[in-house]
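Starting off with a structure, shown below.
The values are calculated or read from the model by the stated rules, or taken from the named source; none is laboratory data. Values in this document were obtained by computation on a predicted structure and should not be read as measured data. Note that we place each Cβ from the backbone using ideal geometry, even for glycine, and neighbour counts take in every protein chain shown.
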Amino acid sequence: MITAATIFAREDTIHFTEELPSMTKEMIYSKAIFWIGNRFTSADEVIQYKNAEEGKIVCTTIGSFHENPYIHYFRYTLTIIIKNNKIFLTYSNFDSADCRTRIDNPSIWKKIVKRITASKNNLISTIKKPVKKKDVR
């Protein structure tokens, strides 16, 4: 059976790398897990794989953006790899999570990239932020 998600998929990947020279792999990893726990309704549902020793987290989730009068939804995979005081983020496996979001449309894709970039910026700012006692789990 062909679904909207099958028809409206993209092979594109979006990569970001951020150097975090003053942070250990363990600090970056724990803050990334903290961000996932606060960003999504259930970290357990979105995290497909995590391994602190490897410094790797793989999440599958749904993103959205508003375009009057609709809210568009799209699925994607976020792979986080931490090594050598750097965090490598790869967003991939994009597909439509509703029948309106034609991610093969260049204007829709541009909005998805903008939303992904905002998500990346939020993750990086969370990681760089000093830990407060209330944030420690």
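For residue 85, work out the one condition from (1) loosely packed, with under 13 Cβ neighbours inside 10 Å; (2) at positive phi it doesn't fulfil.
For residue 85, the failing item is (1).
May I pose another question? Counting only residues that are part of a strand (DSSP E or B) and more than 23 Å from residue 98 (Cβ to Cβ), how many does the range 28-77 have?
Final tally of qualifying residues: 7.
Follow-up. Which condition number does residue 64 fail, the rest of (1) out of contact with any Lys or Arg (no Cβ under 7 Å at 6 or more places or on another chain); (2) closer than 18 Å to residue 15 by Cα being met?
With (1) out of contact with any Lys or Arg (no Cβ under 7 Å at 6 or more places or on another chain); (2) closer than 18 Å to residue 15 by Cα applied to residue 64, the lone miss is (2).
Condition first: free of Cβ contacts under 8 Å to residues at least 24 places away in the same chain and under 18 Å from residue 61 (Cβ atoms). Now tell me which residues in the range 79-100 satisfy that.
Hit for the range 79-100 is 79, nothing else.
Rundown of residues vs (1) modelled with pLDDT of 95 or more; (2) aromatic (Phe, Trp, Tyr), yes/no style:
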site: 73; (1), (2): no, yes
site: 90; (1), (2): yes, no
site: 100; (1), (2): no, no
site: 120; (1), (2): yes, no
site: 130; (1), (2): no, no
site: 136; (1), (2): no, no
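Are there any pairs, at least 6 apart or on different chains, whose C-beta atoms fall under 8 Å, with the first in the range 61-75 and without any contact (Cβ under 8 Å) to a residue 40 or more places away in the chain and the second among the aliphatic types (A, V, I, L, M) and part of a strand (DSSP E or B), and if so, which?
61/78; 73/62; 74/62
Please enumerate the residues belonging to the range 22-69 that are more than 18 Å from the chain's Cα centre (by Cα) and within 13 Å of residue 127 (Cβ to Cβ).
Matches in the range 22-69: 22, 23, 24, 25, 26, 27.
Now for a separate question. Name the pairs whose Cβ atoms lie under 6 Å apart, with the first residue in the range 101-117 and under 15 Å from residue 75 (Cα atoms) and among the charged types (D, E, K, R), the second modelled with pLDDT under 90 and assigned to a helix (DSSP H, G or I), and 6 or more positions between them or separate chains?
102/108
Which pairs do you get when a residue that is more than 11 Å from residue 86 (Cα to Cα), found in the range 16-43, comes within reach of a residue that is among the polar types (S, T, N, Q) and not in a loop (DSSP other than H, G, I, E, B), reach meaning Cβ atoms under 8 angstrom, with the pair 6+ apart or on two chains?
Pairs that qualify, where the first residue is more than 11 Å from residue 86 (Cα to Cα) and the partner is among the polar types (S, T, N, Q) and not in a loop (DSSP other than H, G, I, E, B), are 31/126; 34/126; 35/122; 35/126; 38/126; 39/119; 39/122; 40/61.
Mind checking which residues of the range 61-82 are surrounded by fewer than 17 Cβ atoms within 10 Å (Cβ to Cβ) and among the small types (Gly, Ala, Ser)?
If the condition is that a residue be surrounded by fewer than 17 Cβ atoms within 10 Å (Cβ to Cβ) and among the small types (Gly, Ala, Ser), then 64 is the only one that fits.
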